[in-house]
Amino acid sequence: MLILGGVAVSVPMVLSAASSCADGVVKHGENGECVGVTDGSYVFDPDLADVERLIKDENDQVLSAKKPYVTVGFFVQMTLTENDTVPMSWVRHQLQGAYLAQFRANHHHVAGDLPLVRLLLVNPGTEIALWEPAITELATRRAAPDNLVAVAGMGISTDNARKAMRRLAEMNVLMLGATVTSDDLQDIPLLLRMAPTNSGQAKAAANYIKPTAATAMLVQDGSKNDLYPATLAKSFADTFVDEQHRILGQTELYDSSLSSVDNTFLQMIPNICNSKPQVVYFAGRGKHLASFVTQLTGRRCKDHRITVLTGDDVSSTLFGQGELGRALDSGVQVVFTTLAHPEAWRLAPQAFENAATFPFVERVCSVCFPALFPKDTLDDASAIMSYDAVLTAAYAIRFAAGNSGRVVSTADLLQVKNRLHDTMSVPGASGRLSFDERGTAVAKAVPIMTLRPNGTLEFLGLSSS
C-alpha cells in the first residue's frame, strides 16, 4: 500500500490491472505478449479472429445447452515473431481443424453424444517460451465449472514444448499431440501422438524410394542443439541400405548453429557431382533445405538429375517460395514426407474412411472446411492433424463416459487411453489412429509429396511408418 497525498493506492492491484489483456490472459515478457487461456473471446492475432469467433460461438452453445460437458485445452503458440519457425497461417489452420473436430463431436454421433466438448485456447507465446504462465492458468480450469480433462495440439517438437508436456504429465492430464514428431517424446507419459515419428517418416521415405534408386548420399545437420537431423539420417540409412542399396561417400555435415551455412552447402556440390547419387537424403530443417536446393542450381553436373528426399519439416517452410523454381527447373526434384494431404484421399482412397474425411471434402456441408474456410488450404497438414487430435480426445471422453454421458475426469481418460488401438482405434482424417503402448500411432499412412517449380505440391503416393 502506498500513500500519496493522503490517498491510499494499492500498487499490486494497479500493476495487475495494467498487465491484464483479458480474463485468463496476461501480458508477459519484453514484447508484452498476451499469454494465457481464452474461450475464444480474446483474439490473440487478427489473423485468428474468424476461427476464434466460431470457437466462441460453439463454446457458448455448449454452456447454454445445460447438458454435461468437459473441456479440452488446445495448446499452440498464437503470438509469433521472426524467431518462430511456423507462419501464422499454420496456427490458423491448427485452430480451424480443432474447431471442426469440436463441432463434429457436439453435433454428430462421435462414440456417443455426451458429454459435450468445450474448447479453450492456450497461448504459450512465441517459441512456446511462456509455457509456464500459460499452463499455470490452464491448471485452474481443471475443477468445475470448466472440467478440463485433456490438452490437444502441443505445437512443434521444441525444448519448450517438451517442458510444457512434462508439466502436464505431472498434472496427470492426457495430451494429444497433433504435429509433434520427435522420437524422444515417446518418453513423455500420457502423450498420444497423431503423427508418425521422425524415424518412422524416414523409414517411409526410404521404403518409397528404394524401388527406383540404388544409391544415396546423406547431407546432415550436425548441430547438437537439434536431435531431429540425426534421427532422420540414422533411420533412413538403416532402412535404405541392403545388398542392392548403398550410401555413397561420407555424410556431408553442416552445423546450423554456426554462420556461413550457405557457403558450406556450396562446398558440398563438387562431392555430390563426383559421386552422382540418385538420391540425396537431406537430414535437416526446411529453412536450410531451401538454401541447399538453391545451391544445387549452379552445379557443374546439370546433366545428372538429383532427387532430394527429406522429412515433413519442409511443409511449413517451402510452400510458395518462388525463388526455388529455378533450382527445381535445373534437374532437381524435392520429394518429402508429410503428415497428411487431401490428394491422398482422392488418389489412394483405400487407405482412408469416407466418414472420417468428409468434414474436409464435402462442399455442400455448411460446417465443413471448404465452406467455412474457402481461402485456406490443407496442404500444410496442420488442420487435418489438429482435427485428429481433438477428435481423438472426443473419442476418449465418450468411451470413458459410456452410456451415462456423465462428466468424466482426467483419471477416467488416462484409463481409456490404453484402449485406443485395434478395434477401438480412432477413424482419423489422416488415417486410422491405433496407438501403441508408448502413445505413438502405428502403421500410419505417410503421403509422399513433391514440390513443383511454381510452389504447388503433387502427391506421389503413400508409404507406411
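The table for this structure:
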{"read-out": "Some residue of region 136-156 being in a loop (DSSP other than H, G, I, E, B), out of contact with any Pro (no Cβ under 9 Å at 6 or more places or on another chain) and under 21 Å from residue 195 (Cα atoms)", "value": "yes"}
{"read-out": "Conditions (1) surrounded by fewer than 24 Cβ atoms within 10 Å (Cβ to Cβ); (2) not in a loop (DSSP other than H, G, I, E, B); number of the one not met by residue 97", "value": "(1)"}
{"read-out": "Selected residue [out of contact with any His (no Cβ under 7 Å at 6 or more places or on another chain), at pLDDT below 95 and among the β-branched types (Val, Ile, Thr)] from 79, 85, 71, 38", "value": "85"}
{"read-out": "Residue within region 412-429 that is of a type outside the set (A, V, I, L, M, F, W, C) and buried (at least 24 other Cβ atoms within 10 Å of the Cβ) present", "value": "yes"}
{"read-out": "Subset tally (residues that are over 20 Å from residue 212 (Cα atoms), without any contact (Cβ under 8 Å) to a residue 40 or more places away in the chain and crowded, with 21+ Cβ neighbours inside 10 Å) for region 323-338", "value": "1"}
{"read-out": "Residues located in region 181-215, provided they are touching a Lys or Arg at 6+ places or on another chain (Cβ under 6 Å) and closer than 19 Å to residue 285 by Cβ", "value": "196"}
{"read-out": "Members of region 285-311 that are part of a loop (DSSP other than H, G, I, E, B), surrounded by 17 or more Cβ atoms within 10 Å (Cβ to Cβ) and either at positive phi or of a type outside the set (Gly, Ala, Ser) (or both)", "value": "285, 299"}
{"read-out": "Checking residue 214 against (1) surrounded by 24 or more Cβ atoms within 10 Å (Cβ to Cβ); (2) at pLDDT 95 or above, the condition it does not meet", "value": "(1)"}
{"read-out": "Filter pass, residue 25 being among the β-branched types (Val, Ile, Thr), over 14 Å from residue 74 (Cα atoms) and crowded, with 19+ Cβ neighbours inside 10 Å", "value": "yes"}
{"read-out": "Residues that are of a type in the set (D, E, K, R) and either closer than 22 Å to residue 306 by Cβ or touching an Asp or Glu at 6+ places or on another chain (Cβ under 7 Å) (or both), drawn from region 211-233", "value": "221"}
{"read-out": "Residues of region 236-262 that turn out to be assigned to a strand (DSSP E or B), under 14 Å from residue 225 (Cβ atoms) and among the acidic types (Asp, Glu), as a count", "value": "0"}
{"read-out": "Index of the failed condition, residue 369 passing every other in (1) more than 22 Å from residue 463 (Cα to Cα); (2) without any contact (Cβ under 8 Å) to a residue 40 or more places away in the chain", "value": "(2)"}
{"read-out": "Of the criteria (1) more than 27 Å from the chain's Cα centre (by Cα); (2) touching a residue at least 40 places away in the same chain (Cβ under 8 Å), which one residue 341 fails", "value": "(1)"}
{"read-out": "Any hit, region 220-231, residues being of a type in the set (Val, Ile, Thr) and either part of a loop (DSSP other than H, G, I, E, B) or within 15 Å of residue 336 (Cβ to Cβ) (or both)", "value": "no"}
{"read-out": "Residue match in region 191-198 (condition: crowded, with 21+ Cβ neighbours inside 10 Å, aliphatic (A, V, I, L, M), farther than 19 Å from residue 311 by Cα and modelled with pLDDT of 95 or more)", "value": "yes"}
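Here is a yes/no grid of residues against (1) over 21 Å from residue 397 (Cα atoms); (2) of a type in the set (Val, Ile, Thr); (3) not assigned by TED's automatic domain parsing to the domain that holds residue 119:
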| position | (1), (2), (3) |
| --- | --- |
| 147 | no, no, no |
| 154 | no, no, no |
| 164 | yes, no, no |
| 228 | yes, no, yes |
| 237 | yes, no, yes |
| 256 | yes, no, yes |
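The values are calculated or read from the model by the stated rules, or taken from the named source; none is laboratory data. These numbers were taken from a predicted model, which means no experiment stands behind them. Neighbour counts run over all protein chains shown; Cβ positions are idealised from the backbone, glycine included.
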